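Read the structure below first, then the notes.
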Amino acid sequence: MQKRKTVLDILTMKKAGEKITMLTAYDAAMSALLASADVDVLLVGDSLGMVVLGYDSTVPVTMDEMIHHASAVRRGAPGAFVVGDMPFGSYQTGIRDAIINGGRFLKEAGCDAVKLEGGLEVCDVVTALVQAGVSVMGHIGLTPQTATQLGGYKVQGRDVESAKKMVVEAQALEKAGVFAIVMECIPDELGRIISEEIAIPTIGIGAGVHCDGQVLVTHDLLGMFEKFIPGFVKSYCKLAPIIKEAVADYSREVRNGEFPDKEHSFSSQSNLRELLGLS
């Protein structure tokens, strides 16, 4: 087992020019596989609401659901650097609630850090969390929890005014104490500029190659989620058709009496019925 990375390790990677890899994980089995493939950061994203729990958005996800899944991820990958996504309503209601809920990720789930969405409006919350001993990752650009306020799931920061605002927000979040910032759905040149303007790592998702690292939803990367595929996603394989074909083969063999066969059954004495006293 590799030594678990720390916040300092993540910060050092940017200084050394090493790209950071981050993927989502929601259960023990997948987190173990990702950790064995040397992924730097596992994000227990509130995206689990859509790809695991079947919600239409991330908004309905609760703290208890996040803690449940984050705990499983930690059990599956005890040596991984794990970040828990603070769901909608867990920090917007005030600093006290934010500290309580951020602390739950560390105490109950064993996370190393939390992630929250927002810019200038969350800087006070970030500072309070960091002062309370909770490491925080920021998230700007397209923020799924408030996507309806942004006009839906579309690229942010296309015009000069909004791009300038995003640079200011990234700098403010750095000053507030975040150790890294996820930037979602922004032009690649803006991704480059922000990455150069702040000393902490930037993690892109639809933000171009110049970010200090990249993150994807693992179900998208593996081609397992067919309901909606963002334009910035690269699916490295297509597991959904393979899974459906395997399940169809299983169902057919069961219905035809082909499974289980002798190879997949346990043998017994040929006269077992007689030994049991049955006619």
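Worth a mention:
- Close contacts from region 233-246, counting a first residue that is in a loop (DSSP other than H, G, I, E, B) and a second that is of a type in the set (Asp, Glu) and surrounded by 11 or more Cβ atoms within 10 Å (Cβ to Cβ), with Cβ to Cβ under 9 Å and a gap of 6+ residues or different chains, come to Val233/Asp220; Lys234/Asp220; Ser235/Asp220.
- Across region 176-228, the number of residues qualifying as not in a loop (DSSP other than H, G, I, E, B) and not basic (Lys, Arg) comes to 27.
- Test: Gly103 is out of contact with any Ser or Thr (no Cβ under 6 Å at 6 or more places or on another chain) and part of a loop (DSSP other than H, G, I, E, B): no
- Residue match in region 78-86 (condition: outside any helix (DSSP H, G or I), in contact with a Phe, Trp or Tyr (Cβ under 8 Å, 6 or more places away or on another chain) and not hydroxyl-bearing (Ser, Thr, Tyr)): yes
Let's see how each residue does on (1) surrounded by fewer than 15 Cβ atoms within 10 Å (Cβ to Cβ); (2) assigned by TED's automatic domain parsing to the domain that holds Val125; (3) at negative phi:
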{"site": "Gly17", "(1), (2), (3)": "yes, yes, no"}
{"site": "Val39", "(1), (2), (3)": "no, yes, yes"}
{"site": "Leu48", "(1), (2), (3)": "no, yes, yes"}
{"site": "Asp64", "(1), (2), (3)": "yes, yes, yes"}
{"site": "Arg75", "(1), (2), (3)": "yes, yes, yes"}
{"site": "Asp85", "(1), (2), (3)": "no, yes, yes"}
{"site": "Gly94", "(1), (2), (3)": "yes, yes, no"}
{"site": "Asp97", "(1), (2), (3)": "no, yes, yes"}
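- Meets criteria (touching a Lys or Arg at 6+ places or on another chain (Cβ under 6 Å) and either closer than 21 Å to Tyr26 by Cα or of a type in the set (Ser, Thr, Tyr) (or both)) for Gly204: no
- Candidates Ile193, Ile205, Ile140, Ile200, filtered to the one that is at pLDDT 95 or above, in contact with a Gly (Cβ under 9 Å, 6 or more places away or on another chain) and over 18 Å from Ser47 (Cβ atoms): Ile200
Rundown of residues vs (1) within 25 Å of Gly204 (Cβ to Cβ); (2) touching a strand residue (DSSP E or B) at 6+ places or on another chain (Cβ under 7 Å), yes/no style:
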| position | (1), (2) |
| --- | --- |
| Leu8 | yes, no |
| Ala25 | yes, yes |
| Ala29 | no, no |
| Leu42 | yes, yes |
| Val61 | yes, no |
| His69 | yes, yes |
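- Contacts under 6 angstrom Cβ, first residue in region 88-110 being over 18 Å from Ser71 (Cα atoms), partner buried (at least 18 other Cβ atoms within 10 Å of the Cβ) and hydroxyl-bearing (Ser, Thr, Tyr), 6 or more apart: Ala98/Tyr91
- Within region 99-136, the only residue that satisfies the criterion of being over 12 Å from Met86 (Cα atoms), of a type in the set (D, E, K, R) and crowded, with 18+ Cβ neighbours inside 10 Å is Asp112.
- Residues in region 25-38 that are hydrophobic (A, V, I, L, M, F, W, C) and in contact with a helix residue (DSSP H, G or I) (Cβ under 9 Å, 6 or more places away or on another chain): Ala25, Ala28, Ala29, Met30, Ala32, Leu33, Leu34, Ala35.
- Residue among Val125, Val134 that alone is part of a loop (DSSP other than H, G, I, E, B), in contact (Cβ under 8 Å) with a residue 24 or more places away in the chain and under 13 Å from Val178 (Cα atoms): Val134
- When we screen Asp56, Asp46 for residues that are in a loop (DSSP other than H, G, I, E, B), under 26 Å from Phe228 (Cα atoms) and free of Cβ contacts under 8 Å to residues at least 12 places away in the same chain, the only hit is Asp56.
The values are calculated or read from the model by the stated rules, or taken from the named source; none is laboratory data. Bear in mind that the values here come from a model prediction, so they are computed numbers and not experimental data. Positions of Cβ are backbone-derived with ideal geometry, glycine not excepted, and every protein chain shown enters the neighbour counts.
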